[in-house]
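Asks: Structure below; questions to follow.
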Amino acid sequence: MSDLSRFGVSAEEELLQNFDRLIAAQGYANRSEALRDLMRDAIVKSRLEDAPEAGEVLGSLTLVYDHHASDLADKMNALQHDYFNFIVSVLHVHISHDDCMEVIVLRGKIKQVRTLADAILSLKGVKHGKLFVTLPAGAIVEHKHRHSHKN
Ligand code: NI
């Protein structure tokens, strides 16, 4: 881990109490790690919005669909083959007689990842789904500042 800096934060007592209750319920041992996670989340969000073409993103598309729906399985299969080089892995679970759940792990430029996700989600028979996008850990925080490499 890089050098740690400490900083003080002023907040209303009630806000702090609410925050502490929330992060305790979420399992955080202290405010610092909770704040770091919030900071990283804000940075990832801003990076994805501001520089949509830059670099590689990671995504997971989770969806539930009825595999009896007309030719959905064929279309799903065709799309996944069209975009095979952006698909890292697919987890398929038969959750009931009719329904399937799929988690598709994606890797590529944001545009390709979103295009594939939209194409799959808009297929008839897909009941619900959501794309989660993040960045590789090394791409979240820029290392622009002075680094005195002592070898
Ligand atoms: Ni299935």
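The values are calculated or read from the model by the stated rules, or taken from the named source; none is laboratory data. Computed from a predicted model, the values in this text were never measured in an experiment. Cβ sites come from the backbone with ideal geometry, for glycine too, and all protein chains shown count toward neighbours.
Asks: Please determine, by comparing only the residues of segment 53-87 that are of a type in the set (A, V, I, L, M) and touching a residue at least 60 places away in the same chain (Cβ under 8 Å), which one is surrounded by the fewest Cβ atoms within 10 Å (Cβ to Cβ).
Replies: Among them, the one singled out is VAL64.
Asks: A further question on this structure: Do we have ILE23 as more than 19 Å from PRO136 (Cα to Cα), within 22 Å of the chain's Cα centre (by Cα) and β-branched (Val, Ile, Thr) here? It would help to see each step written out before you state the result.
Replies: Working: more than 19 Å from PRO136 (Cα to Cα): yes; within 22 Å of the chain's Cα centre (by Cα): yes; β-branched (Val, Ile, Thr): yes.
Considered against the rule, which asks whether it is more than 19 Å from PRO136 (Cα to Cα), within 22 Å of the chain's Cα centre (by Cα) and β-branched (Val, Ile, Thr), ILE23 comes out as yes.
Asks: Spot the failing condition for SER32; the list is (1) touching a helix residue (DSSP H, G or I) at 6+ places or on another chain (Cβ under 9 Å); (2) not in a loop (DSSP other than H, G, I, E, B), and only one is missed.
Replies: (1)
Yes/no per residue for (1) in contact with an Asp or Glu (Cβ under 9 Å, 6 or more places away or on another chain); (2) farther than 30 Å from LEU4 by Cβ; (3) assigned to a helix (DSSP H, G or I):
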site: HIS68; (1), (2), (3): yes, yes, no
site: ASN77; (1), (2), (3): no, yes, yes
site: MET101; (1), (2), (3): no, yes, no
site: THR115; (1), (2), (3): no, yes, yes
site: LYS127; (1), (2), (3): yes, yes, no
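Asks: With the condition kept exactly as written, say whether any residue in segment 139-147 is at pLDDT 90 or above, surrounded by 11 or more Cβ atoms within 10 Å (Cβ to Cβ) and within 15 Å of the chain's Cα centre (by Cα).
Replies: no
Asks: Please verify whether segment 88-111 includes one or more residues that are free of Cβ contacts under 8 Å to residues at least 40 places away in the same chain, surrounded by 12 or more Cβ atoms within 10 Å (Cβ to Cβ) and in contact with a Gly (Cβ under 8 Å, 6 or more places away or on another chain).
Replies: no
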